Protein chains: 2
Amino acid sequence: MTATFHLLNIEQIGPIVQFHRKKAGLSRVELAMVAGIGKTAIYDIEHGKLTVQFNTLFKVLAALNIKLAVDSPIMDLLEETPNAQR
Amino acid sequence: MTATFHLLNIEQIGPIVQFHRKKAGLSRVELAMVAGIGKTAIYDIEHGKLTVQFNTLFKVLAALNIKLAVDSPIMDLLEETPNAQR
DNA sequence: CATAATTTACCGCCTTGGCGGCAAAAGATT
DNA sequence: AATCTTTTGCCGCCAAGGCGGTAAATTATG
């Protein structure tokens, strides 16, 4: 199970969520229940509402088994030293 | 310049942002201006406010040259067929 | 070590995201 | 094709996010 990362174009988040939801055979109401949020949020996300709250989107992605990753050259530096100063 | 992905633990987003901001030598006000948002948002994010709006967080990450990526096995399927049905 | 300059913390106001409810649309069943 | 079932679209209300302003705290400078 090699990880397959795809750089996120912010305006593609709607189609991505919808595609995964359909693949999972879930209605918006069902996905909303699994994610523990309201159905309106699913509707909004799929319709490209970028002002959705981050944790709301994160719950949806988690429910769809989509993981988020950050791509930054200096992340290693942070992880190696949890109490990194500057 | 190989991409270095790090799976995102949602509650680590605050420290990640702060670490990158400090590394860039920016104050919160400066980062806010670069990102085109208010300084309060930076403050909130660094203090672990997960209810921040997604596009607000995205602007901050972009200003810090942090890219977001999605990890999903079926993403290839979506990208290959832009008008994928089910 | 005093004080000036910068950065951070927090407050109240205003805007808006997220909610349930319900109607419209789409799909299934006979 | 008529009707029952499921899904989607959208409305108004309420709670909360994001804003600038300002005080507190931190850091730099002479």
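The values are calculated or read from the model by the stated rules, or taken from the named source; none is laboratory data. All of these numbers come straight from a predicted model, not from anything done at the bench. Neighbour counts are summed over all protein chains in view; Cβ atoms, including those assigned to glycine, are modelled from backbone coordinates with ideal geometry.
Filtering the stretch B:42-78 to residues that are surrounded by fewer than 18 Cβ atoms within 10 Å (Cβ to Cβ) and more than 22 Å from residue A:44 (Cα to Cα) leaves B:43, B:44, B:47, B:48, B:62, B:65, B:67, B:73, B:74, B:76, B:77. Of all residues in the stretch B:31-41, those satisfying the criterion of being buried (at least 20 other Cβ atoms within 10 Å of the Cβ), outside any loop (DSSP other than H, G, I, E, B) and within 8 Å of DNA strand D (Cβ to nearest atom) are B:32, B:41. If you go through the stretch B:6-30 and pick out every residue that is among the hydrophobic types (A, V, I, L, M, F, W, C), within 18 Å of residue A:70 (Cα to Cα) and either assigned to a helix (DSSP H, G or I) or touching a Pro at 6+ places or on another chain (Cβ under 7 Å) (or both), you end up with 6. Say whether the condition of being more than 9 Å from chain A (Cβ to nearest Cβ) and among the basic types (Lys, Arg) is met by at least one residue in the stretch B:60-75. No - not one qualifying residue is present in the stretch B:60-75. Contact map, the stretch B:1-19: residues that are more than 9 Å from chain A (Cβ to nearest Cβ) paired with residues that are of a type in the set (D, E, K, R) and part of a helix (DSSP H, G or I), Cβ distance under 6 Å, separation 6+ or inter-chain. Pairs shown: B:14/B:46; B:17/B:46; B:18/B:46.
Taken residue by residue, the stretch B:35-57 has no member that is of a type in the set (Ser, Thr, Tyr), within 30 Å of residue A:24 (Cα to Cα) and modelled with pLDDT under 95.
Got a number for residues in the stretch B:44-55 being more than 8 Å from chain A (Cβ to nearest Cβ) and either under 10 Å from the mean Cα position of the chain (by Cα) or near DNA strand D (Cβ under 8 Å from one of its atoms) (or both)? Break it down into steps so the answer makes sense when it comes.
Step one: filter the stretch B:44-55 for residues more than 8 Å from chain A (Cβ to nearest Cβ), giving B:44-49.
Now drop any that are not either under 10 Å from the mean Cα position of the chain (by Cα) or near DNA strand D (Cβ under 8 Å from one of its atoms) (or both), which leaves B:44-45, B:49.
Matching residues across the stretch B:44-55 total 3.
How about the stretch B:1-30: which of its residues are exposed (fewer than 13 other Cβ atoms within 10 Å of the Cβ) and among the aliphatic types (A, V, I, L, M)? Hits for the stretch B:1-30 are B:1, B:3, B:29.
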